[in-house]
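Engineer: Have a look at the structure that comes next, please.
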Amino acid sequence: MSRRLLFLITTLGALFVLPALAGASLVYQAASSTATTWETATDESDANSADVSASGNRAIYMADDDGSNRVTLPITGQFPVVSPNGAVVAYQKVTNAKTGAAQLHFLTVATGADFNTHASCGGSIWAPNSSAVACGTTQSASNFKGFGLNTITTAGVVSIIVPSAGTLVNGYSWSPDSTKVVWGQTPFGKWTADSKLRWLPADGSGTVGKLGNGAQPVWGPSKIAFIRATHASVAGTSVERTQAWTVDPAVGATSAKALTAYQAKGFLSGPVPLRWTPDGTKILGELYGEDYSQPIYITMNGKIHKFGPSNAGVYGVSADGTQALVVANLMGGGKQPVYASPLGKLASSLLVKDAWEPSVTANWQP
């Protein structure tokens, strides 16, 4: 059987089973291309690897919380992110393999309808109410002058939050009520240490709010977690050092407070916040550095707790805040297993043998 015929059969099958996936909450893209045809694939992870087009667009899958009952969605692309309510998958579709140009698409899970926004905008982060994504923009590769920030609704309405010229956007996040976006902003050519926190209504209206120095903001139930960076010299090399901070957006920049006091050594940099637990009592993130990434969570007393596998990253948090979606072997080459990793001292559970860019819904509970 030819690969093309098998792909058509798989796509048609996915269309028939999509409505049954209303409760599914794990989405991910195919892994690295080690097998060249479906005929030579020997297991699920090799089959994933085989389904990669010449453009770089990959098969995208949806499964239950524990990774079971996987089906192939009727699309190919990159960087899929499922909406908090599980109704829509945002992803990028490569349109030019030579330049890497891609456009943002929205797939409606229940119907299989695929909507091309025609916007070049990546790194999608969903609003909590699933109405829109915030995503990063650049100018063309030949005219690169910085990174910008847009919001795009599921109807394709684009709002420019930060133009993609003269600025580097260092992380962005939505407010809990989905009405505002916060980001880190650095003048083009400057360091993370020079970044400032800014916020604006999600439709781009009004006056930009200022929250002091900071980058990589993550908006939690009541506060925003972020980093402040400094630099150290190690063996003649400049190394970034980071600490996690919090700020109360209702109070403003004067409420900014250092949360951690991590003593980084060598080429380690420090903690970076990535997600809050739903109850706001913990911040999930990573300790990072050169060839190093370790999942952590930070309690409100500033203590850092390591959990899960090493050489791994945090991609999601469970609805009850007790587990994280973790991808291992990020810098080791080869397969990237996906785990549900408890924040306590319990073993991680394997969900997928090999996958890239997994995401989960707000109600994910493995």
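The values are calculated or read from the model by the stated rules, or taken from the named source; none is laboratory data. In this text, all values refer to a predicted model and were calculated from it rather than measured experimentally. So basically every Cβ, Gly included, is an ideal-geometry build from the backbone, and we count neighbours across all protein chains shown.
Engineer: How many residues does region 274-313 hold that are under 22 Å from S238 (Cα atoms) and either touching a Pro at 6+ places or on another chain (Cβ under 8 Å) or not charged (D, E, K, R) (or both)?
Structural biologist: Adding up the residues that qualify gives 7.
Engineer: Considering (1) surrounded by 15 or more Cβ atoms within 10 Å (Cβ to Cβ); (2) in contact with a Leu (Cβ under 9 Å, 6 or more places away or on another chain), say which one A319 fails and leave the rest.
Structural biologist: Of the numbered conditions (1) surrounded by 15 or more Cβ atoms within 10 Å (Cβ to Cβ); (2) in contact with a Leu (Cβ under 9 Å, 6 or more places away or on another chain), the odd one out for A319 is (2).
Engineer: Kindly provide the set of residues from region 161-174 that are hydroxyl-bearing (S, T, Y) and over 16 Å from the mean Cα position of the chain (by Cα), ordered by number.
Structural biologist: Passing the criteria: S164, T167.
Engineer: Is at least one residue of region 227-235 in contact with a Leu (Cβ under 9 Å, 6 or more places away or on another chain) and among the aliphatic types (A, V, I, L, M)?
Structural biologist: No - not one qualifying residue is present in region 227-235.
Engineer: Please state which one of L149, L200 is more than 20 Å from the chain's Cα centre (by Cα), of a type outside the set (V, I, T) and buried (at least 17 other Cβ atoms within 10 Å of the Cβ).
Structural biologist: Checking each option against the conditions leaves just L200.
Engineer: Just need a number here: residues in region 319-346 that are among the hydroxyl-bearing types (S, T, Y) and farther than 15 Å from S359 by Cβ.
Structural biologist: Matching residues across region 319-346 total 2.
Listed here are the residues, each with its yes/no results for (1) farther than 22 Å from Y339 by Cα; (2) among the charged types (D, E, K, R); (3) surrounded by 21 or more Cβ atoms within 10 Å (Cβ to Cβ); (4) free of Cβ contacts under 8 Å to residues at least 60 places away in the same chain.
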{"site": "A59", "(1), (2), (3), (4)": "no, no, yes, yes"}
{"site": "D66", "(1), (2), (3), (4)": "no, yes, no, no"}
{"site": "N69", "(1), (2), (3), (4)": "no, no, no, yes"}
{"site": "F79", "(1), (2), (3), (4)": "no, no, no, no"}
{"site": "G86", "(1), (2), (3), (4)": "no, no, yes, no"}
{"site": "N96", "(1), (2), (3), (4)": "yes, no, no, yes"}
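Engineer: Further, regarding this structure: Condition test on S130, is it surrounded by fewer than 20 Cβ atoms within 10 Å (Cβ to Cβ) and free of Cβ contacts under 8 Å to residues at least 40 places away in the same chain?
Structural biologist: In short, no.
Engineer: Also: Just to be sure I understand, how many residues within region 335-344 are among the small types (G, A, S) and without any contact (Cβ under 8 Å) to a residue 40 or more places away in the chain?
Structural biologist: Of the residues in that region, 1 qualify.
Engineer: Before we move on, is A312 farther than 28 Å from W183 by Cβ and crowded, with 24+ Cβ neighbours inside 10 Å?
Structural biologist: no
Engineer: A further question follows. Cβ-Cβ distance below 7 Å, separation of 6 or more or different chains: which pairs start in region 181-200 with a residue that is closer than 13 Å to E240 by Cβ and end on one that is part of a loop (DSSP other than H, G, I, E, B)?
Structural biologist: T186/S195; S195/G214
Engineer: Hey, can you tell me all the residues within region 78-108 that are among the small types (G, A, S), assigned to a strand (DSSP E or B) and modelled with pLDDT of 95 or more?
Structural biologist: A90
Engineer: To continue, here is another question. Given the conditions (1) among the charged types (D, E, K, R); (2) surrounded by 15 or more Cβ atoms within 10 Å (Cβ to Cβ); (3) free of Cβ contacts under 8 Å to residues at least 40 places away in the same chain, and given that K223 satisfies all but one, which numbered condition is not satisfied?
Structural biologist: Result: K223 fails condition (3) only.
Engineer: Among the residues of region 264-294, how many are at pLDDT 95 or above and either surrounded by fewer than 16 Cβ atoms within 10 Å (Cβ to Cβ) or not hydroxyl-bearing (S, T, Y) (or both)?
Structural biologist: Residues flagged as at pLDDT 95 or above and either surrounded by fewer than 16 Cβ atoms within 10 Å (Cβ to Cβ) or not hydroxyl-bearing (S, T, Y) (or both) within region 264-294 amount to 18.
Engineer: Please find, among S238, S269, S293, the residue that is outside any loop (DSSP other than H, G, I, E, B) and free of Cβ contacts under 8 Å to residues at least 12 places away in the same chain.
Structural biologist: Being outside any loop (DSSP other than H, G, I, E, B) and free of Cβ contacts under 8 Å to residues at least 12 places away in the same chain holds for just one of S238, S269, S293, which is S238.
Engineer: Are there any pairs with C-beta distances below 8 angstrom linking a residue in region 243-258 that is under 15 Å from W199 (Cα atoms) to a residue that is assigned to a helix (DSSP H, G or I) and not polar (S, T, N, Q), with the two at least 6 apart or on different chains, and if so which?
Structural biologist: V247/A253
Engineer: A follow-up question, please. Among the residues of region 154-165, what is the count of those that are of a type in the set (S, T, N, Q) and closer than 11 Å to L104 by Cα?
Structural biologist: Matching residues across region 154-165 total 1.
Engineer: Quick test for you: out of T151, T167, T137, pick the one residue that is at pLDDT below 95 and touching a Cys at 6+ places or on another chain (Cβ under 9 Å).
Structural biologist: Of T151, T167, T137, the one residue that is at pLDDT below 95 and touching a Cys at 6+ places or on another chain (Cβ under 9 Å) is T137.
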